[in-house]
Amino acid sequence: MHSQSQSLFAQSEKPIGICSDHAGFQMKAYFLSLFEEKGIVFKDFGAYSPESSDYPDFAHPLAIAIEKGECYPGIAFCGTGNGINMALNKHQGIRAALCWDTEIAQLARAHNNANALVLPSRIIANEEAYQIMVTFLNTPFEGGRHQRRIDKIPVF
């Protein structure tokens with residue numbers, strides 16, 4: 001079932017950045033085991049246990065690494081996805097998309113060139129999250145009129 005992503009990840013030139021808070025820790029652990037099984041390169045920004053933690057402590061280092069070009073894309077998990085998504089999107093170079101189904105993931109990439117996927121670990125199951133990730137990673141940005149809109153997002 002997971003073989004679909006193997007070729008996609010093998011083409012990646014940068015590690016996937018990944019983080020969670022305590023609420024997203026179990027889903028993140030599921031993803032990390034899949035990445036390890038497939039030999040997918042990643043960088044884990046925490047949390048490193050299910051003990052209570054604060055999502056900004058992990059979101060900000062992930063966002064900085066994406067902005068610096070050290071990893072791409074980012075994947076983040078928290079209970080609803082809202083908190084970690086808000087923290088990621090405080091960074092000018094981040095376009096994090098909170099996705100709870102494959103259609104949202106596809107549009108986030110195609111229209112918004114999202115560079116971070118956020119998954120609500122208390123709302124969706126691991127297999128559903130996996131399918132959302134595969135869709136996100138396999139969808140190219142359409143460019144064109146969408147680039148003009150993206151160019152207007154940063155506030156300087």
Problem set entry | Search result, residues across region 42-70 that are within 19 Å of Ala129 (Cβ to Cβ) and touching a Leu at 6+ places or on another chain (Cβ under 8 Å) | Phe42, Asp44, Phe45, Ala59, Leu62
Exercise. Residues Ile94, Ile84, Ile75, Ile66: which one is aliphatic (A, V, I, L, M) and assigned to a loop (DSSP other than H, G, I, E, B)?
Worked result: Ile94
Problem set entry | Test for Ile40: is it at pLDDT 95 or above and surrounded by 13 or more Cβ atoms within 10 Å (Cβ to Cβ) | no
Exercise. Which one of the conditions (1) modelled with pLDDT of 95 or more; (2) farther than 18 Å from Thr139 by Cβ; (3) small (Gly, Ala, Ser) does Ala108 fail to meet, given that it meets all the rest?
Worked result: (2)
For this session: Report, by residue number, each residue of region 22-33 that is more than 15 Å from the chain's Cα centre (by Cα) and touching a residue at least 24 places away in the same chain (Cβ under 8 Å).
Result: His22, Ala23, Gln26
Problem set entry | Count - residues of region 116-138 that are assigned to a loop (DSSP other than H, G, I, E, B) and of a type in the set (Ser, Thr, Tyr) | 1
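The values are calculated or read from the model by the stated rules, or taken from the named source; none is laboratory data. Because the structure is predicted, anything quoted here is derived from the model rather than measured. With ideal geometry, Cβ positions are generated from the backbone for all residues, glycine too; neighbour counts draw on all protein chains shown.
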